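Some notes on the structure that comes next.
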Amino acid sequence: MNNNIGPDCSPGFERQARYLVGPDRNNRWIEVRGDSVVSEGVGTAPYIDGATVIPCSSGVLLDGDVNAHTHLYSGLAPLGMPAPDVAPENFVQILQRIWWKLDRALDAESLYASAAYYVANALTYGTTTLVDHHESPDFIEGSLDVLADVCRTLGMRALLTYGATERNFGRSEAKQGLNECRRLIQQNQNPDLVRGLVGLHASFTVSDETIRDAADLCQQLGVPLHVHLAEDMADVDDASARGYAGPLERLAQLGALVPNTILAHGVHLSVAQVQAAVANGCWLVSNPRSNKGNRVGYGVALHGVKEVALGTDGYPADMREEMLVGQQEASLHGCSEHNVPMRAKAGQMLIAKIWGHQFGCGVGQIADFVVREPDGFVSQVFVGGRWVIQHGKLATANHDEIRFAAHEQARVLWTRMKNII
Ligand SMILES: [Zn+2]
């Protein structure tokens, strides 16, 4: 009897399916059963009864990439989002004139199209986990279900949250945002692939009461917080104006720095503040492309810290590209660019802490892995027990239909966005 040869083309999820992947160009092979790597070796692969062989002699088996901070809601932005009528001159104006208009223009249909476009492309880049931070102020309740549905359908591991804020409609808006986090976390029947966190937009758009509410919710549900922190000096200045030493100290004093909290950016933190965040069990996420694009500064204090992961902050989830820009920025600011690759490792550690499992292509790990060719092309991606990319193509849905819907919805979205004052 021979092993079956070739990729399994069935889109279905087979928990007990067995695969022998490899040997790869380094002569390494792994055996996958269900959603786990159960054995590995170097050299000629053994015969395993009932296993489908997935050859990958030209590529290399690697752990899937983690994008530790992003925004699925801005997935349509590369498809012709119009520039604002008056060019922004600072970070807050960028938010007010672009992103805070885009998020208000979203409805369920455009959000689905945006998330599907972003997630499908992310999988083709070899990104297998997204840590998303969502906001759609005119469509709050049910918005995280849209994102969860996309991730489960396409096969993306994801940590989802709603970034509660008071910037449009005050405290009631913040309460709705926190309720949406609670709803997803409590109703999530299948936490294998998608999990919920509590979210705040940023210290500078919420009151002390909302931060306390978020802290209470974290304690009640036993989950961490995901929040933008010290991305721009505006956040730092706001915290001082409210009588705090900084936004980090504000979150700490109000009880919101629970273990495994994800602090996105941290550009304007000192070395002592970064150490304090890490001592509280928090993770930081550097987003070099976004920080460069928004001209908010560079987080020198994050260098050499092993709890700093890498995110794209809404840019496409090509982590190799993000790392490249990270290395260029590090070099420009007199930091060692060799520190940047360790951020990929931090992303893996972060999700392992939150799920309580290791993910990757090693024995005993949940099998989230990719086969990457020497030119960077990702030929195979396996997540949560199924093949999601086969021969470089999305295997869980029709990518062309996703692209078409994205372009259609983008046109409608840009018109709605223009009409928002
Ligand atoms: Zn962000």
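Can you give the FRET efficiency to the nearest 0.05 for THR153 and GLU321, using r as the Cβ-Cβ distance and R₀ = 30 Å?
0.75
Quick one: compute the contact order of the chain, relative version, from alpha carbon pairs under 8 angstrom and 6+ residues apart, as a percent.
Taking the mean separation of contacting Cα pairs over the length of the chain, I get 20 percent.
Measure off 7 Å from each Cα along the Cα-to-Cβ vector at ASP216 and VAL38, then give the distance between these two points in nanometres to one decimal.
4.8 nm
Hey, can you grab everything whose amide H is under 5 Å from the amide H of GLN380? Only 5+ residues off in sequence or another chain; H modelled, so Pro and N-termini drop out.
For GLN380, the qualifying residues are VAL371, GLY392.
Among LEU79, LEU178, LEU229, determine the one that fluctuates most according to a GNM of the chain built with springs between C-alpha atoms less than 10 Å apart.
Looking only at LEU79, LEU178, LEU229, the biggest GNM fluctuation is shown by LEU79.
Which of THR205, GLY314, ALA277 sits farthest toward the positive end of the charge dipole of the range 65-355, with +1 on the Cβ of Lys and Arg and -1 on the Cβ of Asp and Glu?
About the Cα centre, the residue reaching furthest to the positive side is ALA277.
What FRET efficiency, computed as 1/(1 + (r/R0)^6) with R0 = 45 Å and r the Cβ-Cβ distance, is obtained for ARG403 and ASN27, rounded to the nearest 0.05?
Efficiency for this residue pair is about 0.75.
What ranking of GLU89, GLU40 emerges when the number of other C-beta atoms within 10 Å of each C-beta is taken as an exposure proxy, fewest first?
Ordered by Cβ neighbours within 10 Å, fewest first: GLU89, GLU40.
Can you return the aspartates and glutamates within cross-link range of LYS418? Criterion is Cα-Cα under 20 Å, with same-chain partners fewer than 8 residues away left out.
ASP85, GLU89, ASP103, ASP107, GLU109, GLU135, ASP138, GLU408
So for the pair GLN96, HIS357, with labels modelled 7 Å out along Cα→Cβ, what separation do we get in nm?
Going from the GLN96 label point to the HIS357 one covers 4.6 nm.
To make sure I understand, if each residue's beta carbon is the centre and we count other beta carbons within 10 Å, what order do THR261, THR312 fall in, fewest to most?
THR261, THR312
If neighbour count is taken as other Cβ atoms inside 10 Å, put HIS333, HIS134, HIS268, HIS226 in order from fewest to most.
Fewest to most other Cβ atoms nearby, the residues stand as HIS333, HIS268, HIS134, HIS226.
Using each residue's phi in the range 223-240, evaluate 6.51 cos²θ - 1.76 cosθ + 1.60 at θ = phi - 60° and report the 3J(HN,Hα) Karplus result to the nearest Hz, with x for Gly and Pro.
Values per residue, Gly and Pro as x: 10, x, 9, 10, 8, 6, 9, 6, 6, 9, 4, 4, 5, 5, 4, 4, 5, 5 Hz.
Would you mind pulling out the separation of the Cα centroids of the range 322-385 and the range 166-190, in Å?
30 Å
Where a number appears in this text, it was derived from the coordinates with a stated rule and is not lab data. Because the structure is a prediction, the values reported are computed rather than measured. Don't worry about glycine lacking a Cβ; one is built from the backbone with ideal geometry, like all the others, and counts go over all protein chains shown.
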